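Worksheet: one structure, shown below.
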Amino acid sequence: MPRTEFKQLLDAGVHFGHLKRKWNPNMAPYIFMEKNGIHIIDLQKTIEKIDEAADAIKQIAKSGRKVLFVATKKQAKTIIAEKVGSVNMPYIAERWAGGMLTNFPTIRKAVKKMSSIDKMMKDTSWDNLSKREKLQITRQRAKLDKILGSIVDLTRLPAALFVVDVLKERIAVREAQRLSIPIFAMVDTNSDPEGIDFVIPANDDASQSVDLIIGIMCDAIKEGLADRKVEREKEEVEEKPISLKKGRKAVTKIIVEDDLEEVEGDTKEVVLDDKITDLLIDQGLIDDDIIDIK
C-alpha cells in the first residue's frame with residue numbers, strides 16, 4: 001500500500017515545479033507537462049520515489065543508525081525542528097557549517113565545548129568571573145547551540161543525509177558525496193538529480209509540500225524504531241538464562257553422572273566436598289555406597 005495518496009500530494013501543491021526557462025534538463029523524466037510556462041511534476045513517479053525512500057529510511061532507523069536532515073530554507077525550518085525532533089534524529093535548520101561532515105572531529109570538539117561551558121556554569125568558579133566574561137561565554141554558548149544544538153547526539157557520521165532543496169544545500173550534498181554517504185532529497189524541476197541516491201521529485205518551496213514529505217519520512221523512522229524495539233525485546237527473551245532454582249538438580253545430576261562414567265573399574269570413586277556430598281545424598285541424586293569421601 002502506498003504511503004501517500006495522489007490527492008494528498010495534489011492538495012499540498014507537490015506537483016508545482018519552476019518556470020520552464022529555469023528547468024534542469026536532467027529532471028525531464030519526472031516532468032508530466034508544461035502549463036502556463038510552469039513545469040508540472042509527475043505525481044505518480046513522486047509516489048513511487050516516496051515509497052522507495054521511506055522504505056530505505058525505515059531500514060536505516062531499524063538498524064539503529066542516524067539520518068541527518070538538512071533544511072535551512074525559511075519555510076522548512078520550523079517543520080524540520082518539530083517533526084524530526086520528535087523522532088530524535090539530528091537536523092540542521094539554521095546554517096550549514098562548512099566541513100560539518102568532512103571535518104567532523106572538529107565539529108565534535110565544538111559540541112563538547114558546549115558541554116564544558118554548561119559544567120562551568122554549574123561550578124563555583126562561575127561566580128568568580130566578571131560580568132563581562134560571563135556575558136562573552138553566554139553569547140558563545142548561545143551561538144554554538146543555535147548552529148550545533150540539534151546535532152548534540154550525533155556522535156559519529158550519519159548513515160544518510162536528507163536534503164530539502166539540493167541547490168541551496170549544495171555544500172552539504174558535496175560533502176556527503178565526497179564521503180559516499182547516501183543522499184535522500186526533495187528535488188525540484190530547477191535542480192540536478194545527478195548524484196542523488198534517492199530522488200523525490202517535488203515542490204521544495206511550498207511549506208505544505210515539505211511538511212507532507214518530511215512527515216512521511218518521520219513516520220517511516222517511527223516504524224523502523226518500533227521494529228527495532230520489538231526485535232531487541234525478542235532477543236532478550238531468547239537469551240534469558242535458565243533459572244538456577246529450577247535447573248540446579250538436573251544440572252548437578254548430569255555433572256555427577258559424567259564424573260561417575262569417567263571412573264574406570266568396578267569401584268566408582270568421586271571426590272567431593274563434604275557439604276556437596278551430603279546435599280546430593282539427601283536429594284537422592286547419588287548413593288552412599290558409590291561415594292568415598294577422602
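Which of the residues belonging to the stretch 146-170 are crowded, with 16+ Cβ neighbours inside 10 Å and in a helix (DSSP H, G or I)?
Passing the criteria: I147, L148, S150, I151.
Which of the following residues is buried (at least 17 other Cβ atoms within 10 Å of the Cβ) and either under 27 Å from C218 (Cβ atoms) or at pLDDT 90 or above (or both): P105, P90?
P90
Output the number of residues of the stretch 59-86 satisfying the condition of being within 9 Å of the chain's Cα centre (by Cα) and farther than 15 Å from I147 by Cα.
Count: 8.
Could you list, in sequence order, the residues of the stretch 87-127 that are without any contact (Cβ under 8 Å) to a residue 12 or more places away in the chain and under 21 Å from the mean Cα position of the chain (by Cα)?
N103, P105, K112
For T72, are the conditions met, namely being polar (S, T, N, Q) and either surrounded by 16 or more Cβ atoms within 10 Å (Cβ to Cβ) or in contact with a Leu (Cβ under 8 Å, 6 or more places away or on another chain) (or both)?
yes
The values are calculated or read from the model by the stated rules, or taken from the named source; none is laboratory data. It should be emphasised that the depicted structure is a prediction, and the values quoted were computed from it without experimental measurement. Counting neighbours? That spans all protein chains shown, and the Cβs are built from the backbone with ideal geometry, glycine included.
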